[in-house]
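Notes follow the structure.
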2 protein chains.
Amino acid sequence: MTTRWNQFCANLWTHDSLGIRLDLSQMPDLSPLKSRMKPLIEKAFVEMKALEEGAIANPDENRKVGHYWLRAPQLAPEVELQQAITSTLEKVKDFAADVHAGTIKPPTAEKFTRFLLLGIGGSALGPQWLYDATRNASTPMQAHFIDNTDPEGFERTLDEIGDELNQTLVLVTSKSGGTQETRNAMDEVTAAYEAQNLSFGAHAVAITGDGSRLFKHAQSIGMVGTFPIWDWVGGRTSLFSSVGLVPAALLGVDVDKLLQGAADMDEATRVADVENNPAMLLALSWFAATNGRGERAMALLPYKDRLGLYSRYIQQLVMESLGKELDLESRVVNQGIAVYGNKGSTDQHALVQQLREGPDDFFVTFIEVLEERTGPLRFLDDGVTSGDHLLGFLLGTRLALSENNHINLTMTLPDVSAHSLGMLVAWFERSVGFYASLLGINAYHQPGVEAGKVAAKGYIQLQQEMMKWLSDQAQAATVDEIASALDAQDKADAVFYIAEHLVGNGRLSHNSAPVESRTYHLK
Amino acid sequence: MTTRWNQFCANLWTHDSLGIRLDLSQMPDLSPLKSRMKPLIEKAFVEMKALEEGAIANPDENRKVGHYWLRAPQLAPEVELQQAITSTLEKVKDFAADVHAGTIKPPTAEKFTRFLLLGIGGSALGPQWLYDATRNASTPMQAHFIDNTDPEGFERTLDEIGDELNQTLVLVTSKSGGTQETRNAMDEVTAAYEAQNLSFGAHAVAITGDGSRLFKHAQSIGMVGTFPIWDWVGGRTSLFSSVGLVPAALLGVDVDKLLQGAADMDEATRVADVENNPAMLLALSWFAATNGRGERAMALLPYKDRLGLYSRYIQQLVMESLGKELDLESRVVNQGIAVYGNKGSTDQHALVQQLREGPDDFFVTFIEVLEERTGPLRFLDDGVTSGDHLLGFLLGTRLALSENNHINLTMTLPDVSAHSLGMLVAWFERSVGFYASLLGINAYHQPGVEAGKVAAKGYIQLQQEMMKWLSDQAQAATVDEIASALDAQDKADAVFYIAEHLVGNGRLSHNSAPVESRTYHLK
């Protein structure tokens, strides 16, 4: 056999019955890492086992981490949890069937023909990706999303729905029930229903923690239903909880197959043997690529339109899980792996120029999908298909990168069925978990998000104080004067931003002086 | 005045009549760079002037670089060019008006109600972004895009159009007219029209170079029209040529205002004075952030849903322009700046955790938009708006990053009108041009894209040879045997990928042996 073929086979992991492959032939040799890190690898397997058995795997928040139970309820450490998972799944499926059949229907129309999901981050990205990955001519409902607190974004989405608001089911998703962006969106959407004399509650369901603020609101306005998000499910790993399953079922996705795909991958990645565990192999590849310190970004290129949003989903999963200042022993480590990319071959006409010629600060993760299309093949005049070209472009870019010593790996899936989508998500989830163990960090909290939120709240308060002071004052003042009066000199730039924003929206006026001496007054 | 306020004002650039600002207060002090690089800065101004006057600014391809002329035709160096730009703009506007009025109409329907754009890279990203940034209830046409050679992607988009293919105008965009992905897409879409006994030509226009293969095809099948892409317009800077203007006009975007916005920004960025040139200030900021060597990625966070695809557009512009192995003197420099990000505050629930706590390998570019919404303001119960929260989140994240010594800058736009969108694109285009001058690289070619394309073509040929050999052979063979027979041992891994792809699509069979000894035969 030739050397290239030997080397390729030696670095290829395959799982024939699942139809998946992992090609590490264009990565650094992992053997030294496997030896050197043997104790850490063993520890990662042990920690993962403990996590699956119900240990407090998220110590900062004193929480269990149970997303693996969602696709294998029999593994959940308590019978009550097992029953909750199973009965919720049944409830989700029944609900979707009733919506599709028109048994659950809006007051003034035959059926719910659309849904509008209000949620942000983990509450939105998974459902958005699933919609993009699965919709076709027989998808039973159209989907819309509001995942921000942008007033113009609200308008744009409500415009899309147009006069079919009365056929639209609103899914309000927030684990805590208090997420500001989602609250604001719900406030605006509620007003849109009321403006048409429609009951918002009769068109809405809440997906939230039991007893949360949103849960109580749902009860008080008589929403059509509520679905739980459990304490032990994190936002970025919530796709297989109600958060992802309710929209998936409404979209006609076979949720049993989606879950089965994840369960099958879980089984393959539960093997405590590095050579036969595609998630540990992937985690070790990340370690090799980044020197275990995030020194290279992950450029993720699925060659499939239906996976065009997958990089963004993985960007959240990887960056929020691995981007951590402190390790579990509270040492400063500033870990993380940046993720970007969209899809091939499209990105070959965009960012691949830099990948080939620019700084060596990335590794490419190609995703190949074997099945070209679900319908019959179409041949171009030279006997090849457009899908052959798609593979040709993947291989061409793979070669062009390898030639320039840019490391890359390739993951292969049989198709983009619900089963395969489930496998793909579970593959990355487990790899992220292993990688965090290798680094000794907590993959399941997000302490860095809080600071921005707290500061944001402070700026809303500052704005209210500014408006009150300007109103009391009844005369124009400079930023410096306002900041001094409010004892907020250290926030003078924020005072300026807020004042200009208020001017831009007709709530304050200013004179035409340069910024330093510009004065602001109430309109 | 307080120190913070002084420091802020000293690092704030504003243009009151355009309503734009650039806040560099959270960046390293640029003064040392301005002194040290004075000669290079002067040179960049001189080179930009020469470029605008028609110099061969893209020496590798021996081409002029004329995208600035598109919004100020009077600056084009020849009268013929000026006339071509002006008359094409009129032709585009007339065409769109005729389509909207139904004067130009499909053979079997009253009007074209949709368009389907076939194009990739620079031919698609700008129009996709404009559609996302501008569509509202009064947008006169729905838009669809095929920007790849994925058979399932073709199917999905044709599914979206459903039974309205006869009301759909196809825009085929390819400068060279030979882009493989776009040719494949056109082949498939042509077949879809023919399957409904519709003339493809009667539903299509070509946007391409005069005399190109696509141009000739357009004439031979009697397309509804053709629009030119000139030699001196690059794909990633083609938004203001027919490539962007035809779809923009069809979408009802005020193309005159779009062009005026770019022209206004061009005027502001033509000033040969670093202190008063927001594009040179931005370019110097990139230099300071990355040490002039791509050492930090640009995380681009517009706080506005309508700018959610802008980062992807800029990812292409920046990475394809600046990602270069060689400088103009053929020295190896491996330049480039990686770009990622989606939108705020959404990304605060995804990648911002890592930005706050992870590796210091990025700088954030915030984009603020002053106008919250075009309709009347809506107040939440505490007297603030959802837009106030959006600004609060921007300021909160800005503070959270600055506290952790992560550098960031903020660009402010008055709104997301056509004029502002034009300004925003022109701002980055000029900054990229200046930055390339500072580095001494060619921003206007993409030599690294070619290698992957050539290799891809080779793999298509390899596949054809494999199929022929297996057919002649009439017996099963291993990858190693096939590769040896075709003298392609150095491509054995590609032989494997191709063989498995053919199996996955029912064109070859294999036995169940492990990969090393697996044999393949024709079905």
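The values are calculated or read from the model by the stated rules, or taken from the named source; none is laboratory data. Here the structure is a predicted model, which is why all the values come from computation and not from measurement. As a convention, Cβ positions derive from the backbone with ideal geometry for all residues, glycine included, and neighbour counts pool all protein chains shown.
Structural remarks
- Number of the condition not met by residue B:298 [criteria: (1) at the interface with chain A (Cβ under 10 Å from one of its Cβ atoms); (2) in contact with a strand residue (DSSP E or B) (Cβ under 9 Å, 6 or more places away or on another chain); (3) more than 15 Å from residue B:129 (Cα to Cα)]: (1)
- Selection over region B:331-365 of residues that are in contact with a Phe, Trp or Tyr (Cβ under 7 Å, 6 or more places away or on another chain) and aromatic (Phe, Trp, Tyr) gives a count of 1.
- For region B:214-248, filtered to residues that are over 23 Å from residue B:449 (Cβ atoms) and of a type in the set (S, T, N, Q), the residue that is nearest to the chain's Cα centre (by Cα) is B:226.
- Listing of helices (runs of 4 or more DSSP H) fully contained in region A:147-235 that carry 1 or more residues being crowded, with 21+ Cβ neighbours inside 10 Å and touching a helix residue (DSSP H, G or I) at 6+ places or on another chain (Cβ under 6 Å): A:151-161, A:180-195
- Some residue of region A:451-459 being more than 7 Å from every other protein chain (Cβ to nearest Cβ) and either touching a Lys or Arg at 6+ places or on another chain (Cβ under 9 Å) or closer than 26 Å to residue B:22 by Cβ (or both): yes
Residue by residue, here is whether (1) within 26 Å of residue A:439 (Cα to Cα); (2) modelled with pLDDT of 95 or more; (3) surrounded by 15 or more Cβ atoms within 10 Å (Cβ to Cβ) holds:
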{"site": "A:33", "(1), (2), (3)": "yes, yes, yes"}
{"site": "A:52", "(1), (2), (3)": "yes, yes, yes"}
{"site": "A:62", "(1), (2), (3)": "yes, no, no"}
{"site": "A:99", "(1), (2), (3)": "no, yes, yes"}
{"site": "A:109", "(1), (2), (3)": "no, yes, yes"}
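- Residue list for region A:381-403, restricted to those being modelled with pLDDT of 95 or more and assigned to a loop (DSSP other than H, G, I, E, B): A:384
- Close Cβ contacts (under 7 Å, 6 or more residues apart or on different chains) running from residues in region A:398-422 that are more than 12 Å from chain B (Cβ to nearest Cβ) to residues that are of a type in the set (Asp, Glu) and surrounded by fewer than 22 Cβ atoms within 10 Å (Cβ to Cβ) comprise A:418/A:254.
- Members of region B:61-84 found to be more than 18 Å from residue B:122 (Cβ to Cβ) and not polar (S, T, N, Q), listed by number: B:72, B:73, B:75, B:76, B:77, B:78, B:79, B:80, B:81, B:84
- Residues located in region A:287-297, provided they are surrounded by fewer than 24 Cβ atoms within 10 Å (Cβ to Cβ) and out of contact with any Pro (no Cβ under 6 Å at 6 or more places or on another chain): A:287, A:289, A:290, A:291, A:292, A:293, A:295, A:296
- Scan of region B:6-34 for residues that are touching a helix residue (DSSP H, G or I) at 6+ places or on another chain (Cβ under 7 Å) and either part of a loop (DSSP other than H, G, I, E, B) or not assigned by TED's automatic domain parsing to the domain that holds residue B:415 (or both), ordered by number: B:18, B:24, B:25, B:26, B:27, B:28, B:30
- Odd one out for residue B:376, checked against (1) more than 13 Å from residue A:338 (Cα to Cα); (2) more than 7 Å from chain A (Cβ to nearest Cβ); (3) touching a strand residue (DSSP E or B) at 6+ places or on another chain (Cβ under 9 Å); (4) not aromatic (Phe, Trp, Tyr): (3)
- Scanning region B:379-397 for residues that are buried (at least 22 other Cβ atoms within 10 Å of the Cβ) and more than 7 Å from chain A (Cβ to nearest Cβ) gives a single hit, B:394.
- Total residues in region B:472-490, condition farther than 15 Å from residue B:462 by Cβ and of a type in the set (Val, Ile, Thr): 1
- Pick from region B:292-324, criterion within 17 Å of residue B:434 (Cβ to Cβ) and of a type outside the set (A, V, I, L, M), ranking: nearest to the chain's Cα centre (by Cα): B:320
- Neighbours by Cβ (under 7 Å, 6+ apart or cross-chain): first from region A:208-233, in the same structural domain as residue A:118 (by TED's automatic domain parsing); second aromatic (Phe, Trp, Tyr): A:208/A:215; A:209/A:215; A:221/A:200; A:225/A:95; A:226/A:215
- Residue in region B:340-361 that is away from chain A (no Cβ under 12 Å), polar (S, T, N, Q) and out of contact with any Leu (no Cβ under 6 Å at 6 or more places or on another chain) present: no
- Residue that is nearest to the other protein chains (Cβ to nearest Cβ), among those in region B:480-515 that are part of a loop (DSSP other than H, G, I, E, B), farther than 19 Å from residue A:384 by Cβ and touching a strand residue (DSSP E or B) at 6+ places or on another chain (Cβ under 9 Å): B:514
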